[in-house]
Amino acid sequence: DSIGIPFDEYSARVQKHLEDVYGIRIVTRDIPDPLTGDLDGAEIDIDYAVSPEQRLFLLAHLFGHTVQWNVNPALFEIGRRYEPPVNEHLISAVMAYEREAAGYALTMLHEIGITDADQWFCDYTACDQTYLLHFYRTGQKRDFRSFWASNAPLIKPQPIPHFIPTRRVFRMDGIVI
């Protein structure tokens with residue numbers, strides 16, 4: 001349940017933490033549809049029109065992928081934009097990639113004392129993953145919230161390995177979804 005979660009306050013805390021502790025630049029700007037956020041390995045860009053709830057999720061989620069890209073270059077390849085229908089043998093690797101990013105994101109939230117949003121983050125992550133699976137399998141883009149289910153299994157926080165943010169390329173340059 002997201003009632004009572006101060007999304008604006010938490011987003012500001014996460015942004016400051018990512019910039020000050022991890023050296024990741026955060027930029028708010030217009031991002032062409034259908035994306036609402038973008039990353040390049042050293043910077044996270046968030047669309048100016050997202051809700052405070054979406055912003056918090058995107059900052060945490062894209063931080064998780066930023067860690068992955070900087071720690072294991074092979075994961076950068078998994079994040080490439082796939083054209084649906086995606087071969088089923090690739091789906092398990094994509095889902096493992098998404099779960100690992102979520103684990104890093106949850107650890108980062110805990111680092112700054114955000115521990116009352118775990119169930120919300122896990123529900124949002126599950127919705128995001130179900131949306132992604134549906135899109136990869138069918139090519140259909142349905143309403144994101146139509147995939148929402150409360151009380152998703154809790155994600156296990158993952159220790160964040162040391163990394164130095166290194167610029168690669170933005171998703172909208174055709175590399176990542």
note = Long-range amide H partners of I24, meaning residues 5 or more apart or on another chain whose placed amide H is closer than 5 Å, are E19
note = For 91-97, 126-132, ranked highest to lowest by mean beta-carbon neighbours within 10 Å, the order is 126-132, 91-97
query = Which residue, P159, P52, P32, has the most motion in a Gaussian network model of the chain that connects Cα atoms within less than 10 Å?
reply = P32
note = Rounded to whole angstrom, the alpha-carbon centroid of the stretch 103-138 lies from that of the stretch 32-90 at a distance of 12 Å
message = I need the phi-derived Karplus couplings for the stretch 130-136: 6.51 cos²θ - 1.76 cosθ + 1.60, θ = phi - 60°, integer Hz, Gly and Pro marked x.
response = 5, 4, 4, 4, 4, 4, 5
key: Of all DSSP beta bridges in the stretch 1-91, antiparallel share, percent nearest 5   = 40 percent
task = Mind running the shape call on the chain? Use the C-alpha gyration tensor, a ≥ b ≥ c as the square roots of the eigenvalues: rounded below 1.5 for a/c, prolate if a/b tops b/c, oblate otherwise.
result = rounded
task = Please turn the phi angles of the stretch 8-15 into ³J(HN,Hα) values with the Karplus equation 6.51 cos²θ - 1.76 cosθ + 1.60 (θ = phi - 60°), one per residue in order, whole Hz, x for glycine and proline.
result = 4, 4, 5, 4, 5, 5, 5, 4
query = In nm, what is the difference between 0.36 nm times the number of residues separating S92 and W148 and their Cα-Cα distance?
reply = 18.1 nm
key: Sequence-distant residues sharing a close amide H with D45 (under 5 Å, placed H)   = V27, D38, L39
ask   = On average, how much accessible surface per residue is there in the stretch 37-150, in Å², for a 1.4 Å probe, leaving out ligands, DNA and RNA?
value = 39 Å²
query = In the stretch 15-169, carbon and sulfur make up what percent of the accessible area (probe 1.4 Å)?
reply = 53 percent
ask   = the stretch 64-110: which trypsin sites (Lys or Arg not before Pro) are DSSP loop and have at most 16 other beta-carbon atoms within 10 angstrom?
value = R81
query = Does the stretch 8-60 come out rounded, prolate or oblate by the C-alpha gyration tensor, with a ≥ b ≥ c the root eigenvalues, rounded set by a/c under 1.5 and, if not, prolate when a/b is larger than b/c and oblate if not?
reply = oblate
task = Could you check what % of the DSSP bridge pairs in the chain are antiparallel, to the nearest 5?
result = 45 percent
key: Of R167, R142, R13, the one that fluctuates the most in a GNM where the chain has Cα springs shorter than 10 Å   = R142
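The values are calculated or read from the model by the stated rules, or taken from the named source; none is laboratory data. The structure presented is a predicted model; accordingly, all values stated were derived computationally and were not measured. Please note: Cβ atoms are built from the backbone with ideal geometry, for glycine as well, and neighbour counts cover all protein chains shown. Surface areas here come from the heavy atoms of the whole protein model, side chains and all, with no ligands, DNA or RNA. Shrake-Rupley method; radii C 1.70, N 1.55, O 1.52, S 1.80 Å.
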